[in-house]
Amino acid sequence: MSVSRAATLTVAWRLASFRRENVPWFPIIILLTLTVLALFADFIAPHDPQVGLLGERFRPPAWQQGGSTAHLLGTDHVGRDVLSRLIFGARVSMVVGFTAVIFAGVIGTVLGIMAGYLGGWVDQVIMRITDAWLAVPALTYAIFLAAIVGPSEGNIVIILGLVYWTRYARVVRGEVLSLKERDYVRLAIVAGCSKWTIMRRHILPNVVNSAIVLATLMLGVVIVTEAALSFLGVGVPPPKPAWGLMLADGKKGLMAGYWWLTVLPGVCIMLMVLSANLLGDWLRVKLDPQLRQL
Amino acid sequence: MKRFFIRRVGYALLSLVVLSATIFVFVRLTGDPAVLLVEPGASKADIDAIRTDLGLDRPLPVQYLLFVKGLLHADFGRSFYYRTPVLELYLERLPNSFFLALVAMAFSLIIGIPSGILAAVRVNGWWDGAGKVFALLGLSMPSFWVGLLLILFFSVYLGWLPSSGSGTPLHVLMPAFALGWYFAAAHMRLTRSSMLEVLGSEYIKLARLKGLPEALVICKHAFKNALIPVLTLAGINLVLMVNVAVVVETVFAWPGVGRLLYEGIAFRDFPVVQTTVILSGVMIVAVNLAVDLMYAVIDPRIRYER
């Protein structure tokens with residue numbers, strides 16, 4: 001059985017064993033809706049998110065005085081449709097969020113397993129780097145890296161991956177330290193398995209659950225960081241419709257009281273982060289028997 | 001004790017070395033540092049001058065030692081934009097950042113501690129549930145968005161508070177609340193769990209058996225001990241607040257070190273960006289070290305570990 005298959009089976013088995021109790025429908029529905037919006041943004045969005053008509057600028061939402069059904073949620077400072085930008089923004093957040101979380105997860109898990117299983121100087125080197133990186137606040141570090149490499153969607157994913165892998169490395173290493181004392185690992189050593197085989201086939205499948213839980217929890221953190229970077233102008237470059245960028249643009253109409261430009265993108269960020277956190281908390285209890293006892 | 005101190009200080013120094021090395025490597029990996037370190041639009045001759053000046057033609061280890069030597073001499077370079085040493089700029093802004101962080105800390109403790117105690121005393125009750133919702137919202141609403149909402153409500157609609165800048169005590173209220181918001185949730189959670197632990201202990205049982213009124217047990221006996229971990233976290237968080245306020249300071253145009261970092265990005269003022277990041281690392285490593293050493297002095301169990 002291949003490693004990834006074994007890993008999927010562990011997860012699938014746990015998921016299948018769920019009863020119907022306490023399934024967190026709220027976050028699941030929100031995340032599914034956002035996924036659908038992200039996937040089919042081209043068909044759902046009523047307008048082009050990047051092109052606006054200056055004559056239509058700062059239109060309020062349809063239900064307010066001066067609003068029209070052509071722009072249900074109003075328009076921004078260059079007359080772009082807010083609803084369409086929010087829908088396309090879901091795509092940006094989803095793509096950046098998921099790829100960054102996976103990227104960070106892969107680096108962190110691999111290094112965590114190596115540090116935990118190999119021990120010795122490998123452990124020392126990896127963990128000292130982890131400690132040093134954790135010393136700088138993630139956002140500051142991300143800003144620094146973004147300032148060096150310049151803003152682009154791809155760079156953001158790499159930056160967020162480089163900033164956040166440390167969290168995985170810590171958790172995974174801790175788990176590996178206890179796993180490697182287990183009998184089945186000793187048996188594998190006696191049976192003559194190489195270190196790499198043991199790490200790949202016996203350790204990895206057992207830390208995948210924790211990594212997935214952590215990834216779900218990190219999704220929220222990563223999305224907030226992406227929004228903050230975009231807000232500061234070192235994230236997703238304009239005129240792409242990212243929620244953080246929309247908040248930065250919204251500042252231009254803030255003092256005039258154009259609330260929809262500030263409130264709506266923030267609500268989207270909040271809903272997505274909230275869902276990721278709720279889902280992560282639930283998964284943690286479900287997938288991680290050690291934490292369940294807490 | 002002495003060995004613990006030496007080892008702990010050693011780790012902290014090692015962290016700083018690794019940190020400086022990482023920054024050094026990243027700057028060189030991603031392109032020519034000379035281009036980052038000269039002003040945008042500088043001529044080829046200027047870039048070459050910087051290159052020899054920084055010793056960029058020498059082998060990497062030598063370059064790294066020169067870089068560290070500069071840091072040890074508190075030589076962080078000059079800002080392109082302000083034309084003054086970066087360190088001066090930084091120290092000028094630091095008091096503002098600490099002031100903001102102090103007020104933010106006050107907000108977060110005023111919100112976090114009472115709600116945490118209520119949640120612990122009424123565990124699994126209505127208050128506990130409300131506390132959980134609050135903690136989740138604290139994690140899920142980005143602080144800069146909270147800041148923008150505050151401006152919308154208090155400056156634009158009500159006209160009570162100034163929307164940005166500094167100077168009067170009124171200016172600090174909104175940025176401090178936006179910054180403290182996230183931390184309030186963390187302080188609430190820790191107060192709750194620490195309070196629950198203390199409430200389950202023997203001496204609280206004794207106090208109750210003595211027949212003390214519940215209010216006295218909670219306020220006098222339990223509260224004091226439960227507060228210790230919360231105040232430790234608050235101490236660490238205060239330093240963290242100084243260093244994570246970038247976005248909030250930008251929203252409110254608050255003249256702190258976070259705003260300096262933002263200006264560094266906006267004006268492509270690389271020495272400013274680099275210095276702010278390094279100093280924020282130094283500050284956090286230092287406070288973590290201080291807390292660890294303090295705990296070792298107070299609690300012998302820690303220093304004999306491992």
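Please work out if B:Ala185 is aliphatic (A, V, I, L, M), in contact (Cβ under 8 Å) with a residue 60 or more places away in the chain, touching a Phe, Trp or Tyr at 6+ places or on another chain (Cβ under 7 Å) and away from every other protein chain (no Cβ under 13 Å).
Working: aliphatic (A, V, I, L, M): yes; in contact (Cβ under 8 Å) with a residue 60 or more places away in the chain: yes; touching a Phe, Trp or Tyr at 6+ places or on another chain (Cβ under 7 Å): yes; away from every other protein chain (no Cβ under 13 Å): no.
No.
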Single condition A:Gln124 does not satisfy, out of (1) modelled with pLDDT under 90; (2) assigned to a helix (DSSP H, G or I); (3) within 26 Å of B:Val246 (Cβ to Cβ): (3)
Failed criterion for A:Leu111 (all others in (1) at pLDDT below 80; (2) buried (at least 16 other Cβ atoms within 10 Å of the Cβ) hold): (1)
Within the stretch A:217-231, how many residues turn out to be within 17 Å of B:Glu249 (Cα to Cα) and either surrounded by fewer than 24 Cβ atoms within 10 Å (Cβ to Cβ) or more than 11 Å from chain B (Cβ to nearest Cβ) (or both)? 0
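Out of A:Val263, A:Val234, I need the residue that is within 11 Å of chain B (Cβ to nearest Cβ) and without any contact (Cβ under 8 Å) to a residue 12 or more places away in the chain. Which one?
Values: A:Val234 fails: without any contact (Cβ under 8 Å) to a residue 12 or more places away in the chain.
Step by step, each of A:Val263, A:Val234 is checked, and only A:Val263 is within 11 Å of chain B (Cβ to nearest Cβ) and without any contact (Cβ under 8 Å) to a residue 12 or more places away in the chain.
Inspect the stretch A:177-196 for any residue being of a type in the set (Lys, Arg), without any contact (Cβ under 8 Å) to a residue 40 or more places away in the chain, away from chain B (no Cβ under 14 Å) and over 26 Å from A:Met272 (Cα atoms) and give the result as yes or no. So that I can check it myself, show each step before the final result.
First, pick out the residues of the stretch A:177-196 that are of a type in the set (Lys, Arg): A:180, A:182, A:186, A:195.
Next, only the ones that are without any contact (Cβ under 8 Å) to a residue 40 or more places away in the chain stay: A:182, A:186.
If we keep only those that are away from chain B (no Cβ under 14 Å) as well, we get A:182, A:186.
Those still in the list that are over 26 Å from A:Met272 (Cα atoms) too: A:182, A:186.
Yes: one or more hits.
Scanning the stretch B:125-144 for residues that are part of a helix (DSSP H, G or I) and under 19 Å from A:Pro265 (Cα atoms), which turns out nearest to the other protein chains (Cβ to nearest Cβ)? Walk me through how you get there before you give the answer.
Residues of the stretch B:125-144 that are part of a helix (DSSP H, G or I), as a first pass: B:126-140, B:143-144.
Narrowing the set further to residues that are under 19 Å from A:Pro265 (Cα atoms) leaves B:136-140, B:143-144.
Details: B:Leu136: 6, B:Leu137: 8, B:Gly138: 10, B:Leu139: 6, B:Ser140: 4, B:Ser143: 9, B:Phe144: 6 Å.
Among those residues, the one meeting the criterion is B:Ser140.
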Are there any helices (runs of 4 or more DSSP H) wholly within the stretch B:196-262 with 1 or more residues that are surrounded by 15 or more Cβ atoms within 10 Å (Cβ to Cβ), in contact with a Gly (Cβ under 8 Å, 6 or more places away or on another chain) and away from chain A (no Cβ under 14 Å), and if so which? B:223-244
Conditions: (1) within 14 Å of chain B (Cβ to nearest Cβ); (2) touching a Ser or Thr at 6+ places or on another chain (Cβ under 8 Å). A:Asp81 meets all but one. Number of the miss? (1)
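Criterion first (crowded, with 19+ Cβ neighbours inside 10 Å, more than 14 Å from chain B (Cβ to nearest Cβ) and out of contact with any Leu (no Cβ under 7 Å at 6 or more places or on another chain)) does A:Met199 satisfy it? Spell out how you get there, then give the answer.
Values: crowded, with 19+ Cβ neighbours inside 10 Å: yes; more than 14 Å from chain B (Cβ to nearest Cβ): yes; out of contact with any Leu (no Cβ under 7 Å at 6 or more places or on another chain): yes.
Criteria met by A:Met199.
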Any residue in the stretch B:231-243 that is touching a Leu at 6+ places or on another chain (Cβ under 9 Å) and polar (S, T, N, Q)? yes
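The values are calculated or read from the model by the stated rules, or taken from the named source; none is laboratory data. Here the structure is a predicted model, which means the values were calculated and not measured. In this analysis, Cβ positions are derived from the backbone assuming ideal geometry, glycine residues included, and neighbour counts consider all displayed protein chains.
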